[in-house]
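Note sheet for the following structure.
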Amino acid sequence: MPRAVQQHIHILDILAGMHRSRVYALLIDAPKAEAARAAEFWSAALGVSTRSDPAEPQFVGLHEALPGLVTAVQAVDDTPRFHLDIETDDVPAETERLMALGATEVAQWLECRILRAPGGHLLCVLPVESPPEVFAAEARTWS
């Protein structure tokens, strides 16, 4: 679909009170002291290379571990766990939608909202990070 058409549909969705979201990333959270070793383990276990960005040293990407999703080890000041990042074109609306489904807001970090889903799992709601054509093709529309 041409980019101009995608943008037009997006504008119509906003006017209709709709937003879009999709699972963007699976993060493997590891305590800071163990994060490098965790990244080495997951890289070898999954047979993928690692990538780091000096601007975001808390993340070590696991390149193509899950095609279509960003997969990374994240150094955290907490216990080991997995969490999902959901990207959206409307962070407040997506946060509200997930809270209506039973999630609770735990914190906010920059533009990201950190939620706890029923069952205790964490998830982050963040602005769109994917290339626009990927988001347009893969995001679900919510009213």
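The values are calculated or read from the model by the stated rules, or taken from the named source; none is laboratory data. Since we're looking at a predicted model, the values are computed, not measured. Heads up, the Cβs are rebuilt from the backbone with ideal geometry, glycines too, and the neighbour counts pull from every protein chain shown. The accessibility values were calculated without ligands, DNA or RNA, using every heavy atom of the protein model including side chains. Shrake-Rupley method; radii C 1.70, N 1.55, O 1.52, S 1.80 Å.
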**Request:** Output the residue which, of all residues in the range 52-91 that are in a loop (DSSP other than H, G, I, E, B) and touching a residue at least 60 places away in the same chain (Cβ under 8 Å), is farthest from residue 21 (Cα to Cα).
**Result:** 68
**Prompt:** Which residue pairs have Cβ atoms under 7 Å apart, sit 6 or more places apart or on different chains, and have a first residue in the range 20-40 that is under 28 Å from residue 88 (Cα atoms) and a second that is basic (Lys, Arg)?
**Reply:** 20/140; 21/140; 22/140; 29/81
**Fill in**
Given the conditions (1) in a strand (DSSP E or B); (2) surrounded by 16 or more Cβ atoms within 10 Å (Cβ to Cβ), every one holds for residue 107 apart from (2)
**Request:** Could you check how many residues of the range 126-143 are part of a strand (DSSP E or B), surrounded by 12 or more Cβ atoms within 10 Å (Cβ to Cβ) and touching a residue at least 60 places away in the same chain (Cβ under 8 Å)?
**Result:** 3
**Message:** Checking the conditions here, which among 94, 56 is at negative phi, acidic (Asp, Glu) and crowded, with 17+ Cβ neighbours inside 10 Å?
**Reply:** 94
**Complete:** When residue 87 is run through (1) over 19 Å from residue 125 (Cβ atoms); (2) open to solvent by less than 50 Å² (accessible area, probe 1.4 Å); (3) at pLDDT 95 or above, the failure sits at (1)
**Asked** From 123, 115, 69, 62, which residue is in contact with a helix residue (DSSP H, G or I) (Cβ under 9 Å, 6 or more places away or on another chain) and under 17 Å from residue 43 (Cα atoms)?
**Response** 62
**Item:** Among (1) outside any strand (DSSP E or B); (2) within 25 Å of residue 117 (Cα to Cα); (3) open to solvent by 20 Å² or more (accessible area, probe 1.4 Å) - the single one residue 45 does not satisfy
**Value:** (2)
